[in-house]
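The values are calculated or read from the model by the stated rules, or taken from the named source; none is laboratory data. What you see is a predicted model, and the numbers here were worked out from it, not measured in a lab. Using ideal geometry, Cβ is built from the backbone for each residue, glycine included, and neighbour counts are taken over all protein chains shown.
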Amino acid sequence: MKDIEKISIGQGINLYILNTDKFKTVSISYCFHRDLDEDYTYNALLPAVMRRGSKDFKALKDIERYLEGEYGTIFDVGVQKRGERHLLRFSVDVINDSFLPNENAGLVARGFEFLNSIINRPVLENGVFKADYVAQEKQNLKNSIESLINDKMGYSIERLIRVMCQDEKYSRYVHGSVEDLEKIDAASLYKAYEDVIASSPLDIFVVGNVDGLDIESIVKNSLDLNKRVVKAIPKPIIKKLIKEPKEHIESLDINQGKLNLGFRTGVCPASEEYYPLAICSSVFGGGPHSKLFINVREKASLAYYAFSRLDSFKGLMLVGAGIDFDNYDVAVDIIKEQFQDLKSGKITDKEIDASKKIITGSMKGIKDQSGRIINYYLGNVIAGRDTTIDESIDRINSVTLDDVKAVAEKIELDTIYFLKN
């Protein structure tokens, strides 16, 4: 990663620094990597409980009061799913010291110290997490999991993934399961926390104008982690033999049918084929120029929306369409027809050019938000890529029609999922 500095801090801990004067803030993000295994509900609950307090800040009100006194420092936690990997994230955005009345205020250093307090000195009760904090956050997480059904489009995509990848870790929901949540108590959650701290690979990202600051020393002085054994994260299943596409239909009290199709691309994110695959997905359903939008939504008037998107970390292309219930068969047929056109190479230069403009425009926008910059380079770490944003833009622009046709030939339909009334 040529425009970002990588420093090894210790066993399983890497620091990534992107020094830029584009922002008035410094963004700091601690990312713990976990396998999306049976403990995934513990992973989802942990950050929510940890953000409730530490030995230095006993409750949320103490944290909020402290952050206000630090010129409105922004603090956030969360979990993300990248392929078959679970990420626990703890982040702060602090004002750059150079914009403060006292240029030597040390706000950036205190941002690291604050995160260290939250991560390494959680508030405890009888040697484990506070029971009332755990109970409250379990209820909040349960509400979040159960509320997914209110987002019918997101719910149907999640159900597609569950059916399509039923024997794979990828089928697990990023926020865990209600069934597993019921089994968690303060003691078992604290045991999971100890495992995260002791064994999970950790990447620390810093984006902002940190010229003149010894970030490596600041991190080392503020970090209390001593990892015993660093767990390796298994690589996801990318290629899978498909004998016959599955069809799965479910019913729910809804006003609009949700049709979703899952495709296996066979392309891993570190492959050079990733770039033509990105264009291929865009040609298929990435915007107003795409085959799905023009032929399914506009010409045939079969869909209220129609799109495709990639999960490059798992090698999947997912299609979604909102349709009338009675149009299921004809909608499936026309989507399959567009897919066959894609797979057989019926792709125009106009479609390629429009896709390149959309993708590169989005990638240029990454540079305008420090959070998106961190997500990009975190994706590089997970994928095993070594490309800057500009290099990725160049590679997208260098993709040829033949490259797209070649990668399209590899894509196979795996599952059709329909949510009806």
Going through segment 115-152 in order, the residues found to be of a type in the set (Gly, Ala, Ser) and farther than 26 Å from GLU179 by Cβ are SER117, GLY127
Segment 316-421: helices (runs of 4 or more DSSP H) wholly inside it with 2 or more residues that are closer than 12 Å to CYS280 by Cα are 328-343, 349-366, 401-408
Filter segment 8-50 for residues that are of a type in the set (Ser, Thr, Tyr) and under 15 Å from ASP195 (Cβ atoms); the one that is surrounded by the most Cβ atoms within 10 Å (Cβ to Cβ) is THR41
Going through segment 205-218 in order, the residues found to be of a type in the set (Val, Ile, Thr) and assigned to a helix (DSSP H, G or I) are ILE215, ILE218
The residue from MET317, MET363 that alone is touching a residue at least 12 places away in the same chain (Cβ under 8 Å) and out of contact with any strand residue (DSSP E or B) (no Cβ under 8 Å at 6 or more places or on another chain) is MET363
Among the residues of segment 24-50, the number that are under 30 Å from PRO236 (Cβ atoms) and either among the charged types (D, E, K, R) or without any contact (Cβ under 8 Å) to a residue 60 or more places away in the chain (or both) is 6
Filter segment 248-297 for residues that are free of Cβ contacts under 8 Å to residues at least 40 places away in the same chain and more than 23 Å from the chain's Cα centre (by Cα); the one that is surrounded by the fewest Cβ atoms within 10 Å (Cβ to Cβ) is PRO288
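Please determine, by comparing only the residues of segment 137-156 that are closer than 19 Å to TYR417 by Cβ and among the polar types (S, T, N, Q), which one is surrounded by the fewest Cβ atoms within 10 Å (Cβ to Cβ).
ASN150
Residue by residue, here is whether (1) touching a Phe, Trp or Tyr at 6+ places or on another chain (Cβ under 9 Å); (2) modelled with pLDDT of 95 or more; (3) of a type in the set (S, T, N, Q) holds:
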{"site": "ASN120", "(1), (2), (3)": "no, no, yes"}
{"site": "GLU158", "(1), (2), (3)": "yes, yes, no"}
{"site": "ASP167", "(1), (2), (3)": "no, no, no"}
{"site": "VAL178", "(1), (2), (3)": "no, yes, no"}
{"site": "LEU181", "(1), (2), (3)": "no, yes, no"}
{"site": "PHE205", "(1), (2), (3)": "yes, yes, no"}
Given (1) modelled with pLDDT of 95 or more; (2) more than 24 Å from the chain's Cα centre (by Cα), GLU103 misses just (1)
(1) of a type in the set (A, V, I, L, M, F, W, C); (2) under 25 Å from the mean Cα position of the chain (by Cα); (3) modelled with pLDDT of 95 or more; (4) surrounded by fewer than 20 Cβ atoms within 10 Å (Cβ to Cβ) all hold for ILE197 apart from (3)
Taking segment 157-170 and keeping residues surrounded by fewer than 17 Cβ atoms within 10 Å (Cβ to Cβ) and either more than 21 Å from PHE307 (Cα to Cα) or hydroxyl-bearing (Ser, Thr, Tyr) (or both) leaves GLN166, ASP167, GLU168
Checked ILE233, ILE294 against criteria (at pLDDT 90 or above and not assigned by TED's automatic domain parsing to the domain that holds MET363); the one match is ILE233
Would you say GLN338 is under 23 Å from the mean Cα position of the chain (by Cα) and either at pLDDT below 95 or of a type in the set (S, T, N, Q) (or both)?
-> no
Of GLY53, GLY111, GLY78, the only residue that is touching a residue at least 24 places away in the same chain (Cβ under 8 Å), within 30 Å of ALA383 (Cα to Cα) and either in contact with an Asp or Glu (Cβ under 8 Å, 6 or more places away or on another chain) or surrounded by 20 or more Cβ atoms within 10 Å (Cβ to Cβ) (or both) is GLY111
